[in-house]
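Take a look at the structure set out below.
Quick note: the coordinates plus some simple rules give every number you see, no bench work behind them. This one's a predicted model, so the numbers in the text were calculated from it and none came from an experiment. Note that we place each Cβ from the backbone using ideal geometry, even for glycine, and neighbour counts take in every protein chain shown.
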Amino acid sequence: MVKGKQIELDKESLMKIENGNVATPIGFQAGGMHSGLKRKRKDLGWLYSQVPAVSAAVYTTNQFQAAPLKVTQESLAFSPFLQGVIINSGNANACTGEVGIQNAFLMRKWFAEQVNLQENEVAVCSTGVIGEQLPMDKIKSGITQIPKVDEIHHAEGFSEAILTTDTFVKNACVSLFIDDRYVTIGGTAKGSGMIHPNMATMLGFITTDAKINPSSLQQALKMTVNETFNMITVDGDTSTNDMVLIMANGLAGNQELSESHPEWPVFLEGLKEICTSLAKQIARDGEGATKLVEAHVYGAKSSIDAKIISKSIIGSNLVKAAIFGEDANWGRIVNAIGYSGVIVNPDLLTVSLGEIKVVENGLPAPFSEVEAKQYLQSETIQIFVDLGEGHGAATAWGCDLSYDYVKINASYRT
């Protein structure tokens, strides 16, 4: 039986595990410590599987990919099996040239030696300030203090160690019933600023004790990320270091999962549940944010059109500012739809803020400004857009734009 309190979501297949994390699936350990890269908070984290795990990853689309991403890609090019992850926060090791590459290789080497792995079995990640060399003396000292694999680890330390401007840790975990046994998926992520679709300044780590075909795992991750992490935005910036990594060690003992397995959809449902939860937590923790904003678009000619429009709405600074100011200025939503690049019929458009309809058939709908303001005081704001032209639908997540966003980013390095 899986660890943790379970909350029933689906009687037949999927259970949410309260307080679960990346160390909840069988055979995974994780931890974190303060090594001196940041003043007080934990800044060095590690993740370990008892056995080699089939692994897959997706990476930032920024052309200036950071050194650790290149090293991780080399590890996965050698073999789809990983057994460990080492990550630091406080320093991105990006735009650091050949020295930065060598430092990322050293991080991989030192961690592999500490936990008795081959170097190519280790992924490396960094997040933080761009353009500064890592203080390798502190990195090495921290790695040598990582507990041996048979010692007690504290998984919550990993979730803390990967944070930068985040205000809370982000975890999710579910249990699935596949092949008459429990399979668990756990995840943790970081991200608060420089968040935009197609990977932003975020890192996501997902673990599962399921046995999965390597090719199927890569395709499942790519598809799920496109529907979840790539549907969030905070500020329109895409960073240099971002990655989502999944590891599947097979210790649950199920038959190998692939697209031909009859319960493959169950695994996909669980993976999407994890990624959706983490993506929404990142959007809610946007730098200076006070509200989570969801843009639900339906009635589009295609799902692609719906995705484009939902991300256009959620990425509009004018929409975000209006929501922060609790102003039902629906014209900004219509404006974002209009410049999205998708051809729509304005006469069919309907827009609602929660249950309050503000536009119908392209024209203003009568509504109570008082009721609308009351709704916009909620912590979660839902914008519903019906284009009336087809069956395409999509949801994007973001946050409001507050005064604190400028304060945080005006002094990020100081």
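At 0.692 mPa s and 37 °C, plugging the Kirkwood radius over alpha-carbon pairs of the range 69-194 into Stokes-Einstein gives what diffusion coefficient in µm²/s? Calculated translational D: 205 µm²/s.
For the range 72-144, report the translational diffusion coefficient in µm²/s to the nearest whole number, using Stokes-Einstein at 25 °C, 0.890 mPa s, and a Kirkwood Rh over Cα pairs.
D, rounded to a whole number, is 200 µm²/s.
When both the range 76-144 and the range 271-309 are represented by their alpha-carbon centers, they are found 31 Å apart. Cβ-Cβ distance of residue 215 and residue 371, R₀ of 56 Å, FRET efficiency by 1/(1 + (r/R0)^6): the value works out to about 0.60.
Excluding same-chain neighbours fewer than eight residues apart, the lysines reachable from residue 16 by a Cα-Cα span under 25 Å are 3, 5, 170, 190, 211, 222, 272, 280, 291. Per-residue ellipticity at 222 nm, computed for the chain from helices alone with -39500 (n - 2.57) per DSSP H run of at least four residues, works out to -9000 deg cm²/dmol.
From the square roots a ≥ b ≥ c of the eigenvalues of the alpha-carbon gyration tensor of the range 257-328, which class results: rounded (a/c under 1.5), prolate (a/b over b/c), or oblate? It is oblate, given that a/c is not under 1.5 and a/b is not larger than b/c.
Placing R0 at 51 angstrom, the Cβ-Cβ distance between residue 109 and residue 255 gives a FRET efficiency of 0.90 after rounding to 0.05. Summing charges over all other residues whose Cβ lies under 12 Å from the Cβ of residue 64, with Lys and Arg as +1 and Asp and Glu as -1, gives 0. Membrane-span-like helices in the chain, defined purely by DSSP H runs whose alpha carbon atoms cover 24 Å or more axially and whose average Kyte-Doolittle hydropathy reaches -0.5, are 97-114, 264-284. For the Cα trace of the range 286-376, dividing Rg by the Kirkwood Rh returns an Rg/Rh value of 0.95. For the chain, the relative contact order is 17 percent, taking Cα pairs closer than 8 Å that sit 6 or more residues apart in sequence and dividing their mean separation by the residue count. Dividing the Cα radius of gyration of the chain by its Kirkwood radius returns 0.99 for Rg/Rh. Annotation note: trypsin sites (Lys or Arg not before Pro) in the range 312-414 located in DSSP loop regions with a Cβ neighbour count of at most 12 within 10 Å are 413. Projecting label points 7 angstrom from Cα along Cα→Cβ for residue 301 and residue 118 puts them 5.1 nm apart. Of the trypsin sites (Lys or Arg not before Pro) in the range 64-159, the ones in a loop by DSSP (not H, G, I, E or B) with at most 12 other beta carbons within 10 Å are 148.
The slack between residue 360 and residue 39, meaning 0.36 nm per residue of separation minus the straight C-alpha distance, is 110.2 nm.
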